[in-house]
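Have a look at the structure below, then the notes.
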Amino acid sequence: MSKTAIIIGAGPAGLTAAYELLTRTDIKPIIIEKSNDIGGISKTIVHNGNRIDIGGHRFFSKSDVVMQWWQNILPLQGAESKDDILKNIQYQNKKTSVKLSVNGPDPEKVDQVMLIRKRLSRIFFLKKFFNYPITLSKETIINLGFFRIIKIGVSYIWVRIFKVKKIESLEDFFISRFGTELYKTFFKDYTQKVWGVPCNEIEADWGAQRIKELSVSRTIAHAIKSIFKKEDSIEQKKNRYQPD
Ligand SMILES: Cc1cc2nc3c(=O)[nH]c(=O)nc-3n(C[C@H](O)[C@H](O)[C@H](O)COP(=O)(O)OP(=O)(O)OC[C@H]3O[C@@H](n4cnc5c(N)ncnc54)[C@H](O)[C@@H]3O)c2cc1C
């Protein structure tokens, strides 16, 4: 008698688990979903004929296996879609043209396509726009202002000298790594808005998993490197802080 696996939730995790069980084992997956849709918080809804993502998603992963997995499900676009063409006309092919995948599907003909998009994400903070993911750029420094930069620097040096002893929550994790001032400036409100949970109620492990490679020294090194070389791969493996 074959086994059955009950999966709670038809978000990306539940759907992926079910797909893997179906394709690799003889275990029968049954997904139980409480809402009327599949896709969880990564779902795309159709509103007045427009497809809209619930959380402004773009797909990236540091893992080649994960990237390949999703590209098998949604192959990269191989032809320009209507909006690509319109944007190219508007910007006279300057800023928007994307590298299309050879033999990839045409998004005007099929739905199962991973669209390749140039994107600009920004955080509106202190009545100014900051690049997101946060970069150590000239704009960031000007936007923050001299006094805040000094405060950030002092509080960073402080935690380097007087290390946080117990790292229990995500808040402790951020403070221990970046200092209180940088945490309050960039991570506290933003993370709570995205995940709906305050940083002091999220486990420290979450931070360690998602942003283990991020540090102030790496950010400075990345800023210097990016003056000379722009990252343009769709994997965006070198992207800095990505809580989303
Ligand atoms: C604003 C925002 C932007 C984001 N941007 C990106 C991005 O750009 N790139 C990226 O890779 N990730 C992004 N993410 C993260 C990504 O959305 C999540 O990592 C991913 O959706 C998690 O998938 P999941 O299946 O674990 O959970 P979810 O997507 O949360 O799915 C869980 C599912 O389980 C169902 N469920 C819950 N409880 C029950 C229950 N008791 N019984 C039955 N069903 C239940 C829910 O209805 C839901 O459908 C973003 C998240 C947010 C909030």
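The table below gives the values:
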{"item": "Of all residues in the range 164-204 being of a type in the set (Val, Ile, Thr) and in contact (Cβ under 8 Å) with a residue 40 or more places away in the chain, the one that is surrounded by the fewest Cβ atoms within 10 Å (Cβ to Cβ)", "result": "Val194"}
{"item": "Counted residues, the range 132-168 - those being over 30 Å from Ile73 (Cβ atoms) and under 21 Å from the mean Cα position of the chain (by Cα)", "result": "5"}
{"item": "Every residue from the range 1-38 that is away from the ligand (no atom under 16 Å from the Cβ), more than 21 Å from Gln71 (Cβ to Cβ) and polar (S, T, N, Q)", "result": "Ser2, Thr4, Thr25"}
{"item": "Residues of the range 45-88 classified as under 16 Å from the mean Cα position of the chain (by Cα), more than 7 Å from the ligand (Cβ to nearest atom) and exposed (fewer than 13 other Cβ atoms within 10 Å of the Cβ), total", "result": "2"}
{"item": "Residue check for Ser137: outside the structural domain of Thr16 (by TED's automatic domain parsing), in contact with an Asp or Glu (Cβ under 6 Å, 6 or more places away or on another chain) and under 27 Å from Arg210 (Cβ atoms)", "result": "no"}
{"item": "Neighbours by Cβ (under 6 Å, 6+ apart or cross-chain): first from the range 33-50, of a type in the set (A, V, I, L, M); second within 9 Å of the ligand (Cβ to nearest atom)", "result": "Ile38/Ala10; Ile41/Ile54; Ile41/Gly55"}
{"item": "Matching residues in the range 158-177 - criterion: being more than 16 Å from Trp206 (Cα to Cα) and part of a helix (DSSP H, G or I)", "result": "Trp158, Val159, Arg160, Ile161"}
{"item": "Residue list for the range 112-152, restricted to those being modelled with pLDDT of 85 or more and assigned to a loop (DSSP other than H, G, I, E, B)", "result": "Gln112, Val113, Leu115, Ile116, Lys127, Gly145"}
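Residues checked against (1) in the same structural domain as Lys138 (by TED's automatic domain parsing); (2) basic (Lys, Arg); (3) modelled with pLDDT of 80 or more; (4) more than 21 Å from Arg58 (Cβ to Cβ):
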residue: Lys165; (1), (2), (3), (4): yes, yes, yes, yes
residue: Glu171; (1), (2), (3), (4): yes, no, yes, yes
residue: Ile175; (1), (2), (3), (4): yes, no, yes, yes
residue: Thr185; (1), (2), (3), (4): yes, no, yes, yes
residue: Lys188; (1), (2), (3), (4): yes, yes, yes, yes
residue: Ile202; (1), (2), (3), (4): yes, no, yes, yes
residue: His222; (1), (2), (3), (4): yes, no, no, no
residue: Glu235; (1), (2), (3), (4): no, no, no, no
residue: Lys238; (1), (2), (3), (4): no, yes, no, no
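The values are calculated or read from the model by the stated rules, or taken from the named source; none is laboratory data. Predicted model, so just to flag it, every value in this text is computed and none were measured. A quick note on method: Cβ atoms are made from the backbone with ideal geometry, for glycine too, and the neighbour counts reach across all protein chains shown.
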